[in-house]
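The values are calculated or read from the model by the stated rules, or taken from the named source; none is laboratory data. Given the structure is predicted, the values throughout are model-derived calculations rather than measurements. Cβ atoms come from the backbone with ideal geometry, glycine included; neighbour counts cover every protein chain shown. Heavy atoms of the whole protein, side chains included, go into the accessibility calculation; ligands, DNA and RNA do not. Shrake-Rupley method; radii C 1.70, N 1.55, O 1.52, S 1.80 Å.
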Amino acid sequence: MSPHAPRTRRRAMVAASGLAALALTLSACSGDDNADDTVAEATSAVASAATEATSAVGSAAAEATSAVGEAGDGDDHEGNDHGDHDGDDHPDKDREYLDALRDNGVTVHDDVDFLIRGHDACRDLEVGDSADVVIAKYYEAHPEAPENEGATVLEAAVNAFCPDYAPALNN
């Protein structure tokens, strides 16, 4: 999900609510007989903003669904896979990885996010980064992560998604 989707939705709803309140206030203060027209315009503005916010949330949901597909297929954007796991049942590998994280004390608050983190770690190894560099990148991307989470994510990812890179863990 895009990190801006909740903010965009809130802004759209706040703007719509503000427009509606302004229209109603102006209508009440103006003394015109056009109050019904003003309320209709305000209602239309709220509906437009709500439609826009719903569209933004739908787009974010589509992004998240796509990310789940990418994380679950074990392939990177160049068509390489992260080691020899042809014929593996990817949902089982995903579960293996998430279970290993939880078994080692990682609080997995979002399965998709952590699946992406694991596949990113394998991609970094695949392009030649050392385990230390992969862990450093992890903390750059996730500065809120507790100590040792980066190493745990890397090890669980290698074991589940890219076992050919296991020697990199020993360097």
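Laid out as a table, the results:
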quantity	calculated
Search result, residues across the range 99-141 that are within 25 Å of Asp164 (Cβ to Cβ) and not in a helix (DSSP H, G or I)	Asn104, Val106, Val108, Val127, Gly128, Asp129, Ser130
Conditions (1) surrounded by fewer than 16 Cβ atoms within 10 Å (Cβ to Cβ); (2) modelled with pLDDT of 95 or more; (3) of a type outside the set (Phe, Trp, Tyr); number of the one not met by Asn170	(2)
Subset of the range 98-134 (residues that are of a type in the set (Gly, Ala, Ser) and without any contact (Cβ under 8 Å) to a residue 12 or more places away in the chain)	Gly128
Breaking point among (1) open to solvent by 20 Å² or more (accessible area, probe 1.4 Å); (2) under 23 Å from Arg95 (Cα atoms); (3) touching a Gly at 6+ places or on another chain (Cβ under 7 Å), for Arg123	(3)
Search result, residues across the range 142-159 that are closer than 21 Å to Glu96 by Cβ, open to solvent by 70 Å² or more (accessible area, probe 1.4 Å) and either among the polar types (S, T, N, Q) or assigned to a loop (DSSP other than H, G, I, E, B) (or both)	Asn148, Asn159
Cross-chain or 6+ apart pairs with Cβ under 7 Å, the range 139-150 first and of a type in the set (Lys, Arg), then not in a loop (DSSP other than H, G, I, E, B)	none
